[in-house]
Amino acid sequence: MDDRDGEGSGGGVQSVEIGLRILDVLSGLAGPQGLSPLARACGLQRAKAHRYLVSLERAGFVEREAVTGRYLLGPRSLHVGLAALAQVDIVRFGSDALAPLVERIGEAAFLAVWAERGPTILRWEDSGRPVTVNVRVGSTMPLLTSATGRVYAAFLPQGLTAAMIDDELARPAARRADLRSRADVAGLIAETRETGLGRVTGEMLDSVEALCAPVFAHDGRLAGSLTALGTSGAFDSRRDGATAQGLRAAAADVSRRLGHRGHS
């Protein structure tokens with residue numbers, strides 16, 4: 001196997017791939033490993049494996065035992081693994097909640113999670129009632145003009161959303177929603193946090209109303225969201241209505257399954 005440090009033939013960074021290979025091999029071996037057997041298992045020369053392990057140790061992905069000098073996975077590897085597990089759980093538990101939610105409220109609903117480009121729809125459950133929307137599984141929702149996005153704007157750290165919010169504020173859609181300044185956004189965020197629901201009544205699509213409830217992980221972080229939507233005039237978008245009550249109950253149940261306790 002070619003273990004050069006440069007750019008890979010497929011356009012990737014080969015040194016990153018080698019580092020990840022070491023972590024993958026180390027995770028599959030039983031217990032801490034010495035340098036020589038670990039290098040052999042990775043298909044690397046001993047000196048080269050050592051250079052990568054030094055960097056991985058500095059980054060916290062690998063640790064060395066003080067007495068034996070053998071290598072094992074470090075706390076950053078554990079953090080990444082737990083984060084991946086949490087994402088898998090929100091997909092599983094959130095998906096399980098959709099069909100009962102739709103049956104209870106009689107409206108379409110979807111599960112979304114935060115991704116690189118923003119809140120992204122992962123699962124969709126139709127209700128059988130007509131609703132015309134231009135979003136589907138894989139769609140990314142705007143932060144300011146969708147019920148889903150408003151939940152993420154309200155409950156995610158500002159550092160993750162600030163640039164996206166500034167970008168959306170410059171667009172005509174934000175002005176149509178009467179959002180013209182950071183002060184307007186701050187008011188919207190405060191309202192969403194206070195009520196615990198994102199809400200739109202035609203801001204994104206004229207004929208569509210929606211409510212969104214946050215789902216929290218065991219440590220209080222926003223793990224995902226459940227959104228219900230329907231046609232204006234038929235959809236109950238009241239924050240104290242039956243649809244909101246069903247949505248809140250479903251989101252709270254998923255949060256409990258993720259280990260969340262109490263309020264965020």
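Number of residues in the range 154-163 that are among the aliphatic types (A, V, I, L, M), within 13 Å of the chain's Cα centre (by Cα) and part of a helix (DSSP H, G or I): the value is 1.
For ALA228, the conditions (1) more than 17 Å from PHE93 (Cα to Cα); (2) in contact with a Gly (Cβ under 8 Å, 6 or more places away or on another chain); (3) at pLDDT 95 or above all hold with the exception of (1).
Checking each residue in the range 180-207 for being farther than 20 Å from LEU122 by Cα, crowded, with 21+ Cβ neighbours inside 10 Å and at pLDDT below 95 picks out only GLU203.
Scanning the range 109-143 for residues that are of a type in the set (A, V, I, L, M, F, W, C), surrounded by fewer than 24 Cβ atoms within 10 Å (Cβ to Cβ) and over 13 Å from the mean Cα position of the chain (by Cα) gives TRP124, VAL131, VAL133, VAL135, VAL137. Taken across the range 233-244, residues that are surrounded by 24 or more Cβ atoms within 10 Å (Cβ to Cβ) and either at pLDDT 95 or above or among the polar types (S, T, N, Q) (or both) do occur, with at least one present. Would you check if there is a residue in the range 166-177 being in a helix (DSSP H, G or I), surrounded by 15 or more Cβ atoms within 10 Å (Cβ to Cβ) and touching a helix residue (DSSP H, G or I) at 6+ places or on another chain (Cβ under 6 Å)? Yes: one or more hits. Would you be able to say whether some residue in the range 82-90 is touching a helix residue (DSSP H, G or I) at 6+ places or on another chain (Cβ under 9 Å) and either modelled with pLDDT under 90 or not in a helix (DSSP H, G or I) (or both)? The answer is yes; a qualifying residue exists.
The values are calculated or read from the model by the stated rules, or taken from the named source; none is laboratory data. What you are looking at is a predicted structure, and each value in this text was computed from that prediction instead of being measured. When we count neighbours, we look across all protein chains shown, and the Cβ atoms used for this are built from the backbone with ideal geometry, even at glycine.
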